[in-house]
Amino acid sequence: MKSCHYLVALLLALFVPCGLTAEKKARLIFSIDQGFGNGVVANANLEALTKMVQALEPLRISYEVSVLLNPMIKDKQRLKLMLDTLVAQKMPFVFDVYSSDTFTLGANGPANAPFDSSHGQSISVDQLAAFKASYAASLVGLRFMEIFGQDYGIRAMKTTNPELKRPGDKLPGDNFFRPDLAEGFIRFAGQHAMFVQWADFGWMPFSPWDSEMPKYTEQVKALLRKHPGVVTVTYNNNEPNEASLPRLGTWHTAVEQFSKQGAAGFGLSNQSWLHNFTYMDTKPAEIIAWTRSALDNKCRLIQFEPAWYFFNLPPATFGHGDSTHVPSGTMPGEAKESLKQLIAFLLAAQSSTNKP
């Protein structure tokens with residue numbers, strides 16, 4: 001028996017290239033545009049996009065780095081310009097396809113024309129297939145964003161809190177969360193060797209106030225079992241009323257359960273909206289503390305947002321705006337101090353992990 005173990009070890013040593021391990025690098029995903037009117041996509045700001053990619057370059061040696069954007073913009077030529085630039089710079093990208101942003105920005109942002117804003121669908125599966133055919137291996141993943149948080153909000157708009165509805169919001173006749181819509185994207189991702197990040201703050205047991213979540217949780221588990229190894233479930237640390245702040249040491253308990261149900265793993269959506277959605281109140285040290293927690297919990301996927309917290313870009317607007325309105329003496333898209341500190345931490349963490 002010992003000789004068999006030795007033979008297996010020898011074969012692994014032969015077939016794993018020198019300097020690499022069998023374990024995949026952790027994936028870091030940075031949001032570059034959520035679909036705002038003054039974002040880099042709506043402005044086709046190739047210079048800022050190039051600066052953003054360059055700012056992330058130091059991380060690419062130690063991590064799998066991707067960028068995240070929402071493809072719901074009306075002017076698809078502008079989107080194509082951005083995607084072509086990412087391909088030229090060999091930067092993989094992820095599409096936000098089922099998202100609370102698509103519900104709000106899709107209907108209330110004049111630059112956007114999503115497939116179905118009432119259900120938060122930025123594009124259809126057929127439209128996604130066309131993008132995949134054009135961009136092949138550069139389109140590496142999909143994201144579901146705050147489906148349950150938005151579902152709860154829409155139920156409130158329909159019943160107890162109609163004042164929450166914005167003028168352009170298009171409420172669905174049924175539920176915002178529909179397992180069949182989620183499954184269409186998950187199936188496509190599985191068929192094309194892509195991953196899905198399922199991001200939310202409303203996971204059980206952190207949302208006992210939502211009576212629908214026990215049922216929704218079981219529906220998610222059923223999807224994961226049906227399509228194993230495709231979805232990474234992530235916790236969003238932007239719970240309303242600063243409810244995420246005391247969860248720094250326990251957040252993983254809400255998402256690690258899904259690994260036993262067929263998820264590819266669990267991870268963190270690390271956001272600067274920790275403090276009542278006022279991103280400027282969040283210090284880089286807090287983002288780093290959450291990142292450290294994710295790494296300590298062996299997370300293989302950590303996603304960061306919003307873009308203007310990490311990159312030199314103007315705070316977002318729903319209406320049309322200029323993405324070059326940044327402080328004098330700076331360049332749009334350059335790394336802010338928050339990103340510089342995060343990169344320094346991530347590189348140091350990786351260096352410490354690789355020490356014998």
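Bear in mind these aren't lab numbers, they're just calculated from the coordinates by the rules spelled out. Everything numeric in this text was worked out from a predicted model, so none of it was measured. Glycine also receives a Cβ, built like all others from the backbone with ideal geometry; neighbour counts cover every protein chain displayed.
Figures for the structure shown
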read-out: Top-ranked residue in the range 179-237 [being part of a helix (DSSP H, G or I) and free of Cβ contacts under 8 Å to residues at least 24 places away in the same chain; ranked as surrounded by the most Cβ atoms within 10 Å (Cβ to Cβ)]; value: Thr217
read-out: Candidate set: the range 315-354, residues that are among the β-branched types (Val, Ile, Thr) and not in a helix (DSSP H, G or I); chosen: the one nearest to Glu305 (Cα to Cα); value: Thr317
read-out: Matching option when the condition is assigned to a helix (DSSP H, G or I) and surrounded by fewer than 24 Cβ atoms within 10 Å (Cβ to Cβ), among His252, His275; value: His252
read-out: Selection count where residues are in a loop (DSSP other than H, G, I, E, B) and surrounded by 15 or more Cβ atoms within 10 Å (Cβ to Cβ), scope the range 138-167; value: 2
read-out: Cross-chain or 6+ apart pairs with Cβ under 6 Å, the range 312-331 first and in contact (Cβ under 8 Å) with a residue 24 or more places away in the chain and among the hydrophobic types (A, V, I, L, M, F, W, C), then part of a loop (DSSP other than H, G, I, E, B) and surrounded by 14 or more Cβ atoms within 10 Å (Cβ to Cβ); value: Ala316/Phe36; Phe318/Gly37; Phe318/Gly109
read-out: Residue among Asn175, Asn112, Asn161, Asn108 that alone is in contact with a strand residue (DSSP E or B) (Cβ under 8 Å, 6 or more places away or on another chain) and either within 27 Å of Ala88 (Cβ to Cβ) or among the polar types (S, T, N, Q) (or both); value: Asn112
read-out: Residue in the range 54-62 that is assigned to a helix (DSSP H, G or I), charged (D, E, K, R) and surrounded by fewer than 19 Cβ atoms within 10 Å (Cβ to Cβ) present; value: yes
